[in-house]
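Notes for the one structure printed next.
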Amino acid sequence: MNVILIAVISLGAIALVSAAILYVASKKFAVYEDPRIAQVGAVLPQANCGGCGYPGCSGFADACVKAGSLEGKFCPVGGQPVMTKVAEILGLDAAATEPMVAVVRCNGTCANRPRTNSYDGAKSCAIAASLYGGETGCSFGCLGCGDCVSACQFDAIHMNPETGLPEVDEAKCTACGACAKACPKNIIEIRPQGKKSRRVYVQCVNKDKGGVARKACAAACIGCGKCVKVCPFEAITLENNLAYIDPNKCKSCRKCEEACPQNAIVALNFPPRKPKVEATEAATIVGAQTATPAKTEAPEVKA
């Protein structure tokens, strides 16, 4: 009996000492967490997509609170309304940020880019890209396996079975960048959405020389530089046989679209152009408008 009592007392003493040690340790090594982190986290969409550049919504909330400023911080899923709520919680100013959207910079449809071989491996762009250049003569274009579709959490991108290319649903796209990260060919770019969702961009990433690029794809950029010459805003640069339009400089004049002999430049969501009037027709119209009818003299009336 004494042995059992001693054992119970010993265990009780050990428990008390352990509890005291844990209590002291919890007080000494306690980590203070700003309650505003939880408040900011509560208004975030909890998509944990990483589009903000931080590891999930909790990481973004922690960064916003600790930085003391919202400069350079934006939640692409929640957009400006969510950032306004975050700013109210932290007592900061939320600068207006231009909406962004994912853009597919490849026009290598089945018609423009004929197949030269057939891929019979795992249906994954990442795997296919590590093995070879693709089923066509263009080693820069879309592989068509749909890794971008699998990466999108918002059902904003789908493969078009007719063209074999991914298409972005602007209404659902949050510009989180997951599709761009998943694409091994880097054909998906996050660009400003533009006023009235109007954008002008080069729908090609082929860096081969003109003749090689044209042979591989009928809609490839051939690096002729005509778009660079006609741009009045110096928004287009030509590097490695490929033209690129800077969205921050582009004023959507669309002169480059007209000048491109390959139709590699896309002007999205613009109204249709007015049909051009031929020079001879225009001269005829102008001549008819400027011509004045001959005056006819009234017959003389004799008294």
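Residue-level check: of (1) assigned to a loop (DSSP other than H, G, I, E, B); (2) more than 15 Å from the chain's Cα centre (by Cα), Asn186 misses just (2).
For the range 160-183, filtered to residues that are in contact with an Asp or Glu (Cβ under 9 Å, 6 or more places away or on another chain) and surrounded by fewer than 16 Cβ atoms within 10 Å (Cβ to Cβ), the residue that is farthest from Ala218 (Cα to Cα) is Lys172. A single member of Gly146, Gly210 is outside the structural domain of Val82 (by TED's automatic domain parsing), free of Cβ contacts under 8 Å to residues at least 24 places away in the same chain and within 25 Å of Pro114 (Cα to Cα), and it is Gly146. If you check Cys250, Cys224, Cys204 for being assigned by TED's automatic domain parsing to the domain that holds Thr109, touching a Leu at 6+ places or on another chain (Cβ under 8 Å) and assigned to a loop (DSSP other than H, G, I, E, B), only one passes: Cys204.
What do you reckon, is Ala175 of a type in the set (A, V, I, L, M, F, W, C) and at pLDDT 95 or above? The answer is no for Ala175.
State which residue pairs qualify: first residue in contact (Cβ under 8 Å) with a residue 40 or more places away in the chain and inside the range 246-258, second residue among the small types (Gly, Ala, Ser) and crowded, with 18+ Cβ neighbours inside 10 Å in any location, beta carbons under 6 Å apart, and separation of 6 or more residues or different chains. From the range 246-258, the pairs are Cys250/Ala235. Exactly one residue among Phe60, Phe74 is in a helix (DSSP H, G or I), surrounded by 15 or more Cβ atoms within 10 Å (Cβ to Cβ), among the hydrophobic types (A, V, I, L, M, F, W, C) and within 24 Å of the chain's Cα centre (by Cα), and that residue is Phe60.
Among what's in the range 253-277 and is under 19 Å from the mean Cα position of the chain (by Cα) and assigned to a loop (DSSP other than H, G, I, E, B), pick the residue that is surrounded by the fewest Cβ atoms within 10 Å (Cβ to Cβ). Among them, the one singled out is Asn269. Considering Ala111, Ala102, Ala126, Ala94, the condition of being loosely packed, with under 15 Cβ neighbours inside 10 Å, among the small types (Gly, Ala, Ser) and not in a helix (DSSP H, G or I) is satisfied by Ala111 alone. When the range 143-166 is filtered for residues that are within 13 Å of Cys179 (Cα to Cα), assigned to a loop (DSSP other than H, G, I, E, B) and either β-branched (Val, Ile, Thr) or touching a Lys or Arg at 6+ places or on another chain (Cβ under 7 Å) (or both), the ones remaining, listed by number, are Cys145, Phe154, Asp155, Ala156.
The criterion of being touching a Phe, Trp or Tyr at 6+ places or on another chain (Cβ under 6 Å), in contact (Cβ under 8 Å) with a residue 24 or more places away in the chain and not assigned by TED's automatic domain parsing to the domain that holds Cys152 holds for Cys52.
Residue-by-condition table, conditions (1) assigned by TED's automatic domain parsing to the domain that holds Lys172; (2) farther than 26 Å from Pro247 by Cβ; (3) without any contact (Cβ under 8 Å) to a residue 24 or more places away in the chain:
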{"position": "Asp62", "(1), (2), (3)": "no, yes, no"}
{"position": "Val77", "(1), (2), (3)": "no, no, no"}
{"position": "Asn112", "(1), (2), (3)": "yes, no, no"}
{"position": "Ala126", "(1), (2), (3)": "yes, yes, no"}
{"position": "Gly134", "(1), (2), (3)": "yes, yes, yes"}
{"position": "Gly137", "(1), (2), (3)": "yes, yes, no"}
{"position": "Cys142", "(1), (2), (3)": "yes, no, no"}
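For the range 38-47, the set of residues classified as more than 24 Å from Glu98 (Cβ to Cβ) and either buried (at least 17 other Cβ atoms within 10 Å of the Cβ) or small (Gly, Ala, Ser) (or both) consists of Ala38, Gly41, Ala42, listed by residue number.
The values are calculated or read from the model by the stated rules, or taken from the named source; none is laboratory data. No experiment lies behind these values; they were computed from the predicted model shown. Using ideal geometry, Cβ is built from the backbone for each residue, glycine included, and neighbour counts are taken over all protein chains shown.
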